[in-house]
Each structure stands twice: as C-alpha cells, then as structure tokens.
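Peer 1: Take a look at the following structure, please.
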Amino acid sequence: MSPVFPMLTVLSMFYYMCLRRRARTATRGEMNSRRAIESNTRALPINVEIVQYAKEVLDFSSHYGSENSMSYTMWNLAGIPNVYPSSGDFTQTAVFRTYGTWWDRCPSARLPFKRTPSTFCSQDYVELAFEVPVYPTAVHILETYHPGAVVRILACSANPYSQNPPAEVRWEILWSEAPTKVNGPQARQFTPCIKQINFPTNLIRLEVNSSLLDYYTELDAVVLHGVKERPVLSLKTSMIDMNDIDEDEDEEKFDCGMDTLNKQFSVVTLREWPTNGYFDKLPYELIQLILSHLAVPDLCRLAQTCKLLYQHCCDPLQYIHLSLQPYWARINDTSLEYLQSRCTLIQWLNLSWTGNRGAISVSGFSRFLKVCGSELVRLELSCGHFLNETCLEVITEMCPNLQELNLSSCDKIPPQAFNHIAKVGSLKRLILYRTKVEQTALLSILNFCSELQHLSLGSCVMIEDYDLIASMMGAKCKKLRSLDLWRCKNITESGIAELASGCQLLEELDLGWCPTLQSSTGCFTNLARKLPNLQKLFLTANRSVCDTDIEELAANCTHLQQLDILGTRMVSPASLRKLLESCKDLSLLDVSFCSQIDNRVVLELNANFPNVFIKKSFTQ
C-alpha cells in the first residue's frame, strides 16, 4: 500500500493547482456570487450573527425635508422602521431632493463632466453608523415607495465612535449595480448579495441614482447583519480564496486604478524603444483627441507604456475638465500634489464628495489651487466637509476667472466665511443649498456679483429676512435666470413683488414649502404676469394656490414646462385643462395630494395630453 501515498500526494497537489487556476480565471460575477454564498453558509456556527438597525445618520448629500424637522429627512433612517411594510408617501421616511430626469431638463441644469466612468452613476448618498462593528453578512434596505434607486453599498474601516482616528480610512464596495427600473411603487425589502470584506465595519454608505424613477424614492430603515469575528471558511473555500487572489480585482473595480494613482502620477522609468510604431506617423493633435476619451486612471496606466504616450498623457490639455468625484474614496493630499503639474490649464474641476475624514487637508487644497486655480471657471465642491474659511479665501484669491461655484451641503463652513465669495465678481452660478450662509454675507454677495444667472438658496435656514434678500436680487441681479428658494421660511408677497419686477429674465423659480406665501395677496398672479419666460415653477405644498393662479399661468407663461402644485386644495380640473391646452411644452405636472384632482381626473388628463407626465402621489 505504500506506493499509494505518494500518488495521493501528487493528486492532491494537482487538485490544489487546478483550484487556484480556476479561481484566477473565474469571471468577476462568478467569484462574487461564490464568495457571497460561501460567506453566508460556510461560516462556523460558533460565530453568532448580530442584527442591528442604524444608530445614527452621519452624513448625506441632500434630502427633501427641512433642516428643522423630521419629515422626509435622512434622519428618519436611524432606528427601527416607521412605515414598512406599508407602501405610499409617508413623512416618516427618508427622501432625497430629486428624482427622474426633470432636474436635468430645466434652465439651471449643469453640463456633465466628460470622462466620467460608466461604472459611476451615483447622484446622492447617505452614511449610517451602527453600534457594533461587524463583518457584514447581509444588508437589508427597507424601501417603502418607488424602490430601485440604490446603486451602491459601501463599508468603511473607520469606526465613527472610536476616540482614536485611524491611520488609514478604507472604503470597500459591498455591492454595486447600474440603475434598474422597478415595476410598481410598492414597498419591498432590498437584500442584495454582498461580498465579504476583511475588516469589521459599523459605517455603511448607500449611494443612489433616481433617474429612472417616476417619483421620489422613500427609505424607511437599514438593517446590518454581521459577525464580530472574521468568518472561518471551509477547506474548499480557503483554497479558492487563498492569498486573496481576487482582492486586487476588487480594488481595481472600485477605484478603476485610483488606488495606485500616486504611483502612476509619479515619475516612472520607461523603456527605450527605437520606434513608436504607427504613433510616429500620427499628428500630435490626433493622438490627443484619441486619448481624450480615456478616463483618468486609464491615462495614468497608459502613461507608463512609453515616453511618447507619457508625454501625451501628462499634457495639461488632457486635464482641462477633470472630475475626481467618481474616485472620492481614494483622493487625498498626495493625489492633488501629483496632479498639480498636469492641471495648470484646468478650467472645470469637480472635487465633490472628496476629502472627508482628513483625506484632504486645508493646506493640501490650498497648495493645489495656488498652482492650478488661475484658469478655473467651474469648481464643484459639494459635500466637501474639509472646507473652512481659509479654503474660501484661497478660492477667491487664486481663482479670478471663476464663474461657477457649488458648495451644496458644505454645512461645516462657518457663516462668516461666505463673505469672501463677494470678491468673485465674475460669478454666474452659485449653489449654497444646505449651507450656513447668513444674511449679511449674502447681501454682500448679491451686491458685488451682479453677473449671477443661477442662484440656489434652498434650505438656507440662517437667513432672517428673505424679503430683504429678494429686494437686493431685484435691484442687483438683473441677469438672474434660475432661483431656488426651496423651504425659505419667511418670504412674503412683498419680496416676491420686488423679485418679479427686477428679475424679469427668470425662467426657473422654486418656491416649494414656503409657508408665508398666500395666494390671496396676489403674489402668484403677479409672478405669472411679470415673468412670461418661466419654464419651471414649483409651488410645492402651498395650500392656497387656486384656479385664478393656474389661469394666469395659462394666459401669461405659455413656455412653462414643469409645474408642481402638490398639496393645493383649491385647484379644479377645469383650470388644469386650460393650462394644458395653453402650455404646449408642459412635460411635468405634479398634482399629488390635490384634493379636487382624483385618480379619475388624472386618467382623463393623461388620455387627452399624453405628452405630459401628470403625477398623483398616494398614501395607504
């Protein structure tokens, strides 16, 4: 029997080698599904699973609700479900600010950045903290209305409740998928198949894309399942996952090569070739045009192939428009430092979502702008929580040609810092949604930035007198085309009159959830008569909008494309028919919770005006 044992040893080695080769060549989907199943079924039973709801909402990019209440806010995601398994529109859920493609089809829409990788489609995010760090085995998302917006789930290595800041913050994708259309608005429990990670986490991030939805998605709660000890897998699984053979593939899929960004931007040793083949016969401009279709990480990789392509990939003309938002988890001071020499001609820069938890320092951001800010025209800094007064001061000093500045949800910037923006007299677009800008600073900005065309002041709760602000706009901002006053708490008919008289080029106006406006004062009829170019008008949740207002819009605002009168009790089907007959370009009409407009009326209007999306929300 002794000769059998060497043969068994040889067969065992052969079996092991086959398994390793199979693991190396397996498709990405096979490896994901295999590991997900094994991580849930092959863990030893001694590791008890922990089930926990979110303890706290740490950060988010936007929400439908007010900063001073709980209705429709992201904070509703903390704790146990409030609504599930019921379906419908409920104030106790978490709702993001936008849905569909309507916001991309209005005057305030911004041009997209080129070179955005197709794998990055996130529009909003929310970060949730849980009590106990665990190795995740499952994530349940309770969606109660128009599900299907979640496109990515990530886990973070940093413990938000730890007293000691981590030396390195690492994010891993647990699950990712392109937006999909879900049939029906009914509630569901969404439980995607997640991958196993090699660190415990109590910080989960959801990223959403609502572009395919017919209405706002509503989330009720998030449940994290996990174990405290890293699962021990069976022998078979251990051999397949030995040496984490697919770990590099996961990293590459997440950041598209940005994990080696610093190395790729650094000086590399390139081989000498006697000829560059057909590239030597191509004009320099043609090679530049070909490379302009590559994403930033691909440029970094290509730069390491030969000196000719290194020269092309490092040409500042390749970085005129640069969006680093898709790689937010990997961008840090070192990344910005290596990008400096390539971005001396940059005009559009997107740093939204980047730099949080110490990844970008004030000094690192300042050094970059001092080298690369002179030609900047557009600067996107949404949710940049590293920003402070020094950063705004540097922006105003180093970016003399700046025309567009987005500080949306930069709620860590102190109020006094916004005074510096008044120094940028060339501004045409300013987004201050969910910031702490105060009245004095805003008045100064309006006084000195008379070229403003697009202004967002949605949910700016520290402004005391919106009538005064509206009066200043009417006097100084004659070129204003779009204005967002979503949830401004104290504007009255006086401010509306000043605004309508002075800003007659307005094409878009959002007065949603402005409780101090009353139709009986004539403010809405005044708007309709003074602003004939209106294409988008949101009067969301204003109960006083009546037939007279709708008929004035029909008579004077024939270019109207989007109208939201959610919640009014005084608009009849007859006035809506007049509006639809007069406004041939109308594409969105929200009549949710309008007591006189029942489902029968909506069906009739849809039949007679098929090109208009008429939305009627409901609650069960």
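The values are calculated or read from the model by the stated rules, or taken from the named source; none is laboratory data. The shown structure was predicted, so the numbers you read here are calculated from the model rather than taken from an experiment. Here the Cβ positions follow ideal geometry from the backbone for every residue, glycine too, while neighbour counts run over all protein chains shown. Please note that ligands, DNA and RNA were not included when accessible areas were found on the heavy atoms of the full protein model with its side chains. Shrake-Rupley method; radii C 1.70, N 1.55, O 1.52, S 1.80 Å.
Peer 1: Got a sec? Which residues in the stretch 333-377 would a label at residue 320 touch, if it sits 7 Å along Cα→Cβ and we count backbone N under 15 Å?
Peer 2: 343-349, 375-377
Peer 1: For the chain, what does -39500 (n - 2.57) per DSSP helix run (n ≥ 4), summed and divided by total residues, give at 222 nm, in deg cm²/dmol to the nearest 500? The partial results should precede the final answer.
Peer 2: Details: 18 runs with 175 residues, N = 620.
Helix-only estimate at 222 nm: -8000 deg cm²/dmol.
Peer 1: In addition: Charges on Cβ only, +1 for Lys and Arg, -1 for Asp and Glu, centred on the Cα centroid of the stretch 319-463; of 361, 390, 401, which one is farthest towards the dipole's positive end?
Peer 2: So the residue we want is 361.
Peer 1: Separate question: Roll a 1.4 angstrom probe over the protein heavy atoms and tell me the percent of accessible area of the chain that is carbon or sulfur.
Peer 2: On the way: 14300 of 26390 Å².
Result for the chain: 54 percent of the exposed heavy-atom area is carbon or sulfur.
Peer 1: Another question, then. For the stretch 387-483, what is the charge dipole size about the Cα centre, in debye to the nearest 20, if Lys and Arg each add +1 at the Cβ and Asp and Glu each add -1 at the Cβ?
Peer 2: Numbers: 10 positive and 10 negative charges, 80 e Å.
Charge dipole of the stretch 387-483: 380 debye, to the nearest 20.
Peer 1: Then there's this: Only four residue types carry charge here, +1 at the Cβ of Lys and Arg and -1 at the Cβ of Asp and Glu. Report the dipole size of the chain about the Cα centre in Debye, rounded to the nearest 20. Don't jump to the answer; show the numbers that get you there.
Peer 2: On the way: 58 positive and 66 negative charges, 195 e Å.
Around 940 debye, computed over the chain.
Peer 1: With a Förster radius of 25 Å, plug the Cβ-Cβ distance of residue 132 and residue 412 into 1/(1 + (r/R0)^6) and report the FRET value to the nearest 0.05. Before the final figure, lay out the partial values.
Peer 2: Working: r = 27 Å, r/R0 = 1.10.
My answer for the efficiency is 0.35.
Peer 1: If you count only protein heavy atoms with a 1.4 Å probe, what accessible area per residue comes out for the stretch 470-619, rounded to a whole Å²? Before the final figure, lay out each step's value.
Peer 2: On the way: 5700 Å² over 150 residues.
Accessible area per residue, the stretch 470-619: 38 Å².
Peer 1: Right, another one. No solvent, one uniform scatterer per C-alpha: report log10 I(q)/I(0) for the stretch 319-463 via the Debye equation at q = 0.11, 0.17 1/Å, two decimals.
Peer 2: Values, matching the q order: -0.36, -0.88.
Peer 1: Among 313, 346, 332, flag the residue with its Cα farthest along the positive direction of the charge dipole of the stretch 304-409, charges on Cβ as +1 for Lys/Arg and -1 for Asp/Glu.
Peer 2: Farthest towards the positive end: 313.
Peer 1: Would you kindly derive the ³J(HN,Hα) couplings of the stretch 342-349 from the backbone phi angles with the Karplus curve 6.51 cos²θ - 1.76 cosθ + 1.60 (θ = phi - 60°), listing them in order in whole Hz, with x for Gly and Pro?
Peer 2: These are the phi-based 3J(HN,Hα) values: 8, 10, 5, 10, 4, 10, 10, 9 Hz.
Peer 1: Sequence-distant or interchain residues sharing an amide H contact under 5 Å with residue 89, placed H: which?
Peer 2: Amide H neighbours of residue 89: 618, 619, 620.
Peer 1: Please name whichever of 608, 191, 217 sits farthest to the positive end of the charge dipole of the chain, dipole taken about the Cα centre and charges placed at Cβ: Lys and Arg +1, Asp and Glu -1.
Peer 2: After comparing all options, I get 191.
Peer 1: Above 25 Å lies some portion of the pair distances; for the stretch 49-227, what is it as a whole percent of all C-alpha pairs? Mind dumping the intermediate values first?
Peer 2: Working: 5128 of 15931 pairs.
Counting every Cα pair in the stretch 49-227, those more than 25 Å apart make up 32 percent.
Peer 1: Charges only on Cβ, +1 for Lys and Arg, -1 for Asp and Glu: so what's the dipole of the stretch 49-227 about the Cα centre, in debye to the nearest 20?
Peer 2: On the way: 12 positive and 17 negative charges, 115 e Å.
About 560 debye.
Peer 1: Relative contact order for the chain: what is it in percent, counting Cα pairs under 8 Å that are at least 6 residues apart?
Peer 2: Numbers: 1401 pairs, mean separation 57.4, N = 620.
Averaging sequence separation for qualifying contacts and normalising by length gives 9 percent for the chain.
Peer 1: When DSSP beta bridges are limited to those with both residues in the chain, what percentage is antiparallel, rounded to the nearest 5?
Peer 2: The antiparallel fraction comes to roughly 55 percent.
Peer 1: Just reorder 208, 362 by solvent-accessible area, largest first, 1.4 Å probe, all chains present.
Peer 2: On the way: 208 5, 362 40 Å².
Ranking 208, 362 by accessible area, largest first, yields 362, 208.
Peer 1: Evaluate E = 1/(1 + (r/R0)^6) for residue 505 and residue 302, where r is the Cβ-Cβ distance and R0 equals 45 Å; express this FRET efficiency to the nearest 0.05.
Peer 2: Values: r = 46 Å, r/R0 = 1.01.
Taking R0 as 45 Å, the efficiency between residue 505 and residue 302 is 0.50.
Peer 1: Turning to a different aspect of this structure: Need the list of lysines near residue 578 for cross-linking: C-alpha distance under 29 angstrom, and skip anything on the same chain fewer than eight residues off.
Peer 2: Answer for residue 578, where 29 Å is the Cα cut-off: 530, 536, 615, 616, listed by chain and number.
Peer 1: So, one more: Compute the orientation-averaged projected area for the stretch 470-619 from the convex hull of its Cα atoms and round it to one decimal in nm². If you can, show how the numbers build up before the last one.
Peer 2: Values: hull surface 31.2 nm².
Mean orientational projected area (the stretch 470-619, Cα hull): 7.8 nm².
Peer 1: In addition: Could you work out the per residue convex hull volume over the alpha carbons of the chain, in cubic angstrom? Don't jump to the answer; show the numbers that get you there.
Peer 2: On the way: hull volume 120.5 nm³, N = 620.
Hull volume normalised by residue count: 194 Å³.
Peer 1: Another question about this same structure. Express in nm, to one decimal, how much length is gained between residue 390 and residue 110 on full extension, taking 0.36 nm for each residue of separation and deducting their alpha carbon distance. If you can, show how the numbers build up before the last one.
Peer 2: Values: separation 280, 0.36 × 280 = 100.80 nm, distance 2.70 nm.
Separation in residues times 0.36 nm, less the Cα-Cα distance, equals 98.1 nm.
Peer 1: Which residues does the label zone of residue 48 cover in the stretch 191-233, counting backbone N under 12 Å from a point 7 Å along Cα→Cβ?
Peer 2: 228, by backbone N distance to the label point.
Peer 1: Next question, about the same structure. Do any GluC sites (Glu not before Pro) in the stretch 269-362 lie in a loop, going by DSSP, with at most 13 other beta-carbon atoms within 10 Å of their beta carbon, and if so which? Walk me through the numbers on the way to the answer.
Peer 2: Working: sites: 272, 285, 337; in loops: 272.
Those that pass, being in a loop and sparsely packed, are 272.
Peer 1: Oh, and also: Which whole-number percent is the relative contact order of the stretch 49-227 (Cα, under 8 Å, 6+ apart)?
Peer 2: Values: 467 pairs, mean separation 63.8, N = 179.
It comes to 36 percent, rounded to a whole number.
Peer 1: In Å², what does the accessible area per residue of the stretch 49-227 work out to with a 1.4 Å probe? Write out the running numbers ahead of the final one.
Peer 2: Values: 6610 Å² over 179 residues.
Per-residue value: 37 Å².
Peer 1: Please report the relative contact order for the stretch 470-619, taking Cα pairs under 8 Å with a sequence separation of at least 6, and give it as a percent rounded to a whole number.
Peer 2: Working: 333 pairs, mean separation 25.2, N = 150.
It comes to 17 percent, rounded to a whole number.
Peer 1: What three numbers, in Å, describe the spread of the alpha carbons of the stretch 77-175 along their principal axes, ordered from the longest?
Peer 2: Result for the stretch 77-175: principal-axis Cα extents of 47, 41, 23 Å.
Peer 1: Of the peptides 598-611, 384-397, how do they stack up when ordered by the mean number of other Cβ atoms within 10 Å, highest first? If you can, show how the numbers build up before the last one.
Peer 2: Working: 598-611: 12.8, 384-397: 19.0.
Result, highest mean Cβ count within 10 Å first: 384-397, 598-611.
Peer 1: Using θ = phi - 60° and the Karplus form 6.51 cos²θ - 1.76 cosθ + 1.60, what ³J(HN,Hα) does each residue of the stretch 405-410 get, whole Hz, x for Gly and Pro?
Peer 2: Ordered by residue, 3J(HN,Hα) equals 9, 10, 10, 3, 6, 7 Hz.
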